[in-house]
1. Consider L121 against the criteria (1) loosely packed, with under 15 Cβ neighbours inside 10 Å; (2) assigned to a loop (DSSP other than H, G, I, E, B): it satisfies all of them except one. Which criterion is unmet?
2. Can you find even one residue in the range 1-22 that is hydrophobic (A, V, I, L, M, F, W, C), surrounded by fewer than 17 Cβ atoms within 10 Å (Cβ to Cβ) and modelled with pLDDT of 85 or more?
3. With the structure loaded, tell me whether Y68 is among the aromatic types (F, W, Y), in contact (Cβ under 8 Å) with a residue 60 or more places away in the chain and under 18 Å from Y159 (Cα atoms) or whether it fails that test.
4. What residue, of A93, A61, A98, A75, is under 21 Å from S123 (Cα atoms) and either open to solvent by less than 10 Å² (accessible area, probe 1.4 Å) or in a helix (DSSP H, G or I) (or both)?
5. Can you tell which of I162, I85 is in contact (Cβ under 8 Å) with a residue 40 or more places away in the chain, open to solvent by less than 70 Å² (accessible area, probe 1.4 Å) and assigned to a loop (DSSP other than H, G, I, E, B)?
6. Any residue in the range 132-158 that is assigned to a loop (DSSP other than H, G, I, E, B) sitting within a Cβ distance under 8 Å of a residue that is open to solvent by 50 Å² or more (accessible area, probe 1.4 Å) and not polar (S, T, N, Q)? List the pairs, counting only those 6 or more apart or interchain.
Amino acid sequence: GATGLALGGKGGAADVITNVMRTFQADMMSAADVGDIMTKATLRSNMNMADMAASIRYASADVTNLGYSLQEASAMIGTLGNMGIQGSMAGTALANMARYLSKSVSDPAYKGHQALESLGLTSADLTDAHGNLLAIDTILEKIRNATQGMTSVEKSNIYTQIFGVRGNRAATALTRDLEGYRNLLKEV
């Protein structure tokens, strides 16, 4: 009700919430918890529930494969929404960011891996003891710190190599508003 989305029917709140629950395998969470997370992220960002649902639909496979939670995904999407990157555009950008980041961290032959190494960052700097990626804000902060002092062209090239052309949109936006992401994550 808070987002103006109808409860029933195709594309209604119940449909969206059950789809998200399945995607994130949120069996331990109730529908109300999932709905609350999405509603809070929607109301605290410049988007509507349809944008949130579309973004999750496009990004979910990649963010869940990397172990990011619904709360983290919703906060990333909300942060992108605050910068005008909404709906399928946000989901596609976030999916590409996640996909290329994973490849950059894990594939020594990939140009993104070489870009990370040029910054002095190794896979060990961006993963935990089990080989899982660290929290996205931690990774982006490390990359942001490593690119300080570079020209705008150098930074742009580094981000494109690490995150890909389409993923660069999400990575750059999130890097520019890490505080906003962290605040939204606390709220959801």
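1. Of everything listed in (1) loosely packed, with under 15 Cβ neighbours inside 10 Å; (2) assigned to a loop (DSSP other than H, G, I, E, B), L121 misses just condition (1).
2. no
3. No; evaluated as a whole, the condition is false for this residue.
4. Answer to the selection: A98.
5. After applying the criteria, what remains is I85.
6. Listed by first residue and then by second, the contacts come to N132/G67; L134/D128; T147/E154; T147/K155.
Residue-by-condition table, conditions (1) modelled with pLDDT of 95 or more; (2) closer than 11 Å to A170 by Cβ:
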position: A41; (1), (2): no, no
position: T64; (1), (2): no, no
position: S74; (1), (2): no, no
position: I85; (1), (2): yes, yes
position: T92; (1), (2): yes, yes
position: S123; (1), (2): yes, no
position: D128; (1), (2): yes, no
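The values are calculated or read from the model by the stated rules, or taken from the named source; none is laboratory data. Because the structure is a prediction, the values reported are computed rather than measured. Note that each Cβ is placed from the backbone with ideal geometry, even for glycine, and that neighbours are counted across all protein chains shown. Side chains are part of the model used for accessible areas, which takes the heavy atoms of the whole protein and leaves out ligands, DNA and RNA. Shrake-Rupley method; radii C 1.70, N 1.55, O 1.52, S 1.80 Å.
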